[in-house]
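Contents: one structure, followed by commentary.
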């Protein structure tokens, strides 16, 4: 669900552990967000997926990050949630994502139907 990457040289030696890239599969993360296990990752997932201010503040709590960083995050979230340009960009992205998912579903459905039709046709041919 989470992959961690570091900068390495050609021989594979890690340059520094202070700079890392963590990639989180949010689809898998959704499934752990609401488990009873209170991991830091599960809490961050709830922060990211929060849809209301109350959900956001509850998930963030007082111990997930330093006070100054938390205040800055809350300030930026508040700022962006009122910014019409940001909201418009998000809605456009969401529409594109929905359209892409719809096309993928239709393609998969057509592939399955085509496979089944071909299979049934093959069975008829073999009987003939």
Notebook entry, point to check: Restricting attention to the stretch 88-112, which residues are farther than 22 Å from residue 27 by Cα and either touching a helix residue (DSSP H, G or I) at 6+ places or on another chain (Cβ under 7 Å) or modelled with pLDDT of 80 or more (or both)?
Noted result: 88
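Rundown of residues vs (1) modelled with pLDDT under 85; (2) part of a loop (DSSP other than H, G, I, E, B); (3) touching a strand residue (DSSP E or B) at 6+ places or on another chain (Cβ under 7 Å), yes/no style:
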site: 5; (1), (2), (3): no, no, yes
site: 11; (1), (2), (3): no, yes, no
site: 16; (1), (2), (3): no, yes, no
site: 23; (1), (2), (3): yes, no, yes
site: 30; (1), (2), (3): yes, no, no
site: 36; (1), (2), (3): yes, yes, no
Next item on the list: Restrict the check to the stretch 65-73 and report whether at least one residue is part of a loop (DSSP other than H, G, I, E, B) and exposed (fewer than 11 other Cβ atoms within 10 Å of the Cβ).
Entry: yes
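The values are calculated or read from the model by the stated rules, or taken from the named source; none is laboratory data. Fair warning: this is a prediction, and the values are worked out from it, not measured in the lab. A quick note on method: Cβ atoms are made from the backbone with ideal geometry, for glycine too, and the neighbour counts reach across all protein chains shown.
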